[in-house]
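Coordinate-derived values only; no laboratory data. In this text the structure is predicted, and so the values were computed from the model without any measurement. Don't worry about glycine lacking a Cβ; one is built from the backbone with ideal geometry, like all the others, and counts go over all protein chains shown.
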Amino acid sequence: MECNRLQTGSTSRRTLLKTIAASGAAPWFAGTAFSTPQALRVPAGPDDEQAWSQLRGQFLIAPGDVYFNNASLGTPPAPVVEAVAAGYRALAANVTAAKAEFFAALENRVRPAVARLLGADPGEITLTRGASEGLYFIANGMELQRGDEIVTTTHEHPGGLTPWLVRAEKSGIVVRQVPIPSPIANYREPLELLGSALGPRTRVLSFCHVTRGGLMYPVKELCALARSKGILSAVDGAQAVGALEVDVHALGCDFYATSLHKWTLAPAGNGALYVRAGVRPQFRSLFKTADADPAAAGHYDMLGTYPFPVRAATAAALAFIENAGGVRAIERRDRMLSDYLKQQVLASPKLRLISSRDASVSSPSITLLDCPGRKSVDVERVLLDRHRLHVDDHVRDGLDALRISTHFYNSKTEIDRLIAALNG
Ligand SMILES: Cc1ncc(COP(=O)(O)O)c(C=O)c1O
């Protein structure tokens, strides 16, 4: 059975479901991916430690370790890991039935659930391997002429910048990186700096929703500004989705690429790309011919075989997020934890807080700090080797900082342990 044929409409979907029924295989998703292993109580609020620690009990983080590096890669909870394992078992036992079941689950469950997460329509969602892949699709699918200009920032992750540089090398477009300070002084600063960089040859404004250093950009205003000048907006949401509520229709962006294996806690190798329905005529698929059936061309998934159980287990991650009260509740919990961390850093004479305390320009989940007189890579090593605390260094944008990611499964007690280690 061809992968792409399965995405073409209800007839093939019905055939698939018949195939599954005929195979007699117990649906993989009924038992694992869409249910929670035990009745976990939804937390009543950001401080409901009992409920949050019950959720924490579902994680497989090595005993004694504290994971503060979710911005790099999320740690999937047990039901997600189990969904992957069960998926590969189902695939090994009955390839024919399992493949059909996975295709049906991806179309009927996963894509609609990811669309809900992003505030999009399912036909606007392409399932990818991560934000980098989505960003590559954007840069290479756009209709651009030699001399056309892309305006972006100095804060981009290589996953967001390199695809444009590759396109520049191949087709002679110009990439302008506008320097933006870190931290951002206020909400209007990126708007003014990027706004004044837009010119007559600018075709795309490309920037992060939240940068890897935890800076939050005024996405809605930037997208509106671009639209008012006939410029397309492309947003890198790798550090936003799952940590804060995202509604791409409300944001008004044309493209939005994200990873789902960071804050959404899907297994490594999952992401999504939103392409606004109205922008399709200006966008070419890398995998389908331009004359492909437009009804079937709503999304731009890569063709070929991929790790079905890994992709399908995104459903288990989304079910887990729902069990934690949904993204809005997680954002409040994350913000409470990062506010607490910031207070502790400010109270220490040995530490310096870099991140802003202003919620309109800072991520709820990423905090930068430095230890004056010490290199962050050295501190990072000591924290891991002596204290089993996983953090990341952030040596860029003129900073030599430590990046502490706090997600809902962390606690104030863990933050106290970090502060004690940094002060020691
Ligand atoms: C802002 C930003 N964009 C893109 C990426 C790349 O994400 P991935 O490796 O999941 O493709 C990252 C990863 O840390 C990131 O922080």
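For region 127-203, a/c is not less than 1.5, where a ≥ b ≥ c are the root eigenvalues of the C-alpha gyration tensor, and a/b does not top b/c. That puts it in the oblate class. The order of Val166, Val279, going from fewest to most other C-beta atoms within 10 Å of their C-beta, is Val166, Val279. In the chain, the DSSP-assigned H stretches of four residues or longer account for a calculated mean residue ellipticity at 222 nm of -11500 deg cm²/dmol, using -39500 (n - 2.57) per stretch and the full residue count as denominator. Taking a straight Cα-Cα cut-off under 13 Å and skipping sequence neighbours fewer than 8 places away in the same chain, the aspartates and glutamates within cross-link reach of Lys342 are Asp334, Asp358, Asp370, Asp416. Going by neighbour counts of Cβ atoms within 10 Å, the residues Trp263, Trp164 line up, fewest first, as Trp164, Trp263. Using C-alpha pairs below 8 Å separated by at least 6 residues, the relative contact order for the chain is 22 percent.
Full extension of the segment from Asn423 to Thr289, taken as 0.36 nm per residue of separation minus the current Cα-Cα distance, would add 42.3 nm.
In terms of distances greater than 23 angstrom between alpha carbons, the cross-link table entries Lys262/Lys412; Lys170/Lys220; Lys229/Lys262; Lys170/Lys288 yield Lys170/Lys220; Lys229/Lys262.
Give the order of Cys208, Cys371 when sorted by the count of other beta carbons within 10 angstrom, beginning with the fewest.
Listed from fewest to most nearby Cβ atoms, that is Cys371, Cys208.
Here the Gaussian network model covers the chain, with springs between Cα atoms less than 10 Å apart; of Gly252, Gly45, Gly398, Gly398 fluctuates the most.
Charge tally around Gly159: other residues with Cβ under 9 Å, Lys/Arg +1 each, Asp/Glu -1 each, net -3. Counting every pair of alpha carbons in the chain, the share spaced more than 41 Å apart comes to 17 percent.
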